[in-house]
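These notes are about the structure you will find just below.
The values are calculated or read from the model by the stated rules, or taken from the named source; none is laboratory data. Small disclaimer: the values here were computed from a predicted structure and weren't measured. For neighbour counting, all protein chains shown are included, and Cβ atoms are generated from backbone atoms with ideal geometry for every residue, glycine included. The accessibility values were calculated without ligands, DNA or RNA, using every heavy atom of the protein model including side chains. Shrake-Rupley method; radii C 1.70, N 1.55, O 1.52, S 1.80 Å.
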Amino acid sequence: LYKHLRVDGVDAWLDEEKLLPGQNWQDEISKAVKESDVVIICLSNNSITKEGYVQKEIKFALDVADEKPGGTIYIIPIRLEHCIVPQKLNKLQWADLYFDGKTFDTHEYSKLLSSLQIRANSIGISLPVRNVSMI
């Protein structure tokens, strides 16, 4: 997903790609979420059952989202496989991008790009959206 977004001109931030050796990863992730125009939360059976920092990242993103005006597209949940969307995210519409290692549903991906376009328009920029963090 990260690579597809980058190819489509989205300035995506993913810890595995952007963190440099020696950086404080907790500080950098928090900074990226705060500075992002959109946060994409990638959901899988592993991520929703994993305890620890992933849950903290989701909670932090939701706290930042609470500071946005009502109706703002800020958090976009993406299911990477069939899984139950956590209760704290289930009020938001999600996209199903079941990735098979090579491709995913282009219709669902188009819907994701449409959401990014709406967010870009709402903050007065054109795609690519400058800052998209992926959790």
Select from the stretch 71-101 the residues that are of a type in the set (Phe, Trp, Tyr) and either out of contact with any strand residue (DSSP E or B) (no Cβ under 8 Å at 6 or more places or on another chain) or modelled with pLDDT of 90 or more (or both) and list them in ascending order. TYR74, TRP94, PHE99
Considering only the stretch 58-75, state which residues are in contact (Cβ under 8 Å) with a residue 40 or more places away in the chain and within 19 Å of VAL10 (Cβ to Cβ). ALA61, THR72, ILE73, TYR74
Could you list all residues from the stretch 20-46 that are part of a helix (DSSP H, G or I) and of a type in the set (S, T, N, Q)? GLN26, SER30, ASN45, ASN46
Name the one entry in GLU51, GLU17 that is in a loop (DSSP other than H, G, I, E, B) and either open to solvent by less than 80 Å² (accessible area, probe 1.4 Å) or over 20 Å from GLY124 (Cβ atoms) (or both). GLU51
If I filter the stretch 102-121 down to residues being of a type in the set (Val, Ile, Thr) and in a helix (DSSP H, G or I), which single residue comes out as modelled with the lowest pLDDT? THR106
If GLY70 meets every condition in (1) part of a helix (DSSP H, G or I); (2) closer than 30 Å to GLY124 by Cβ apart from one, which number is that one? (1)
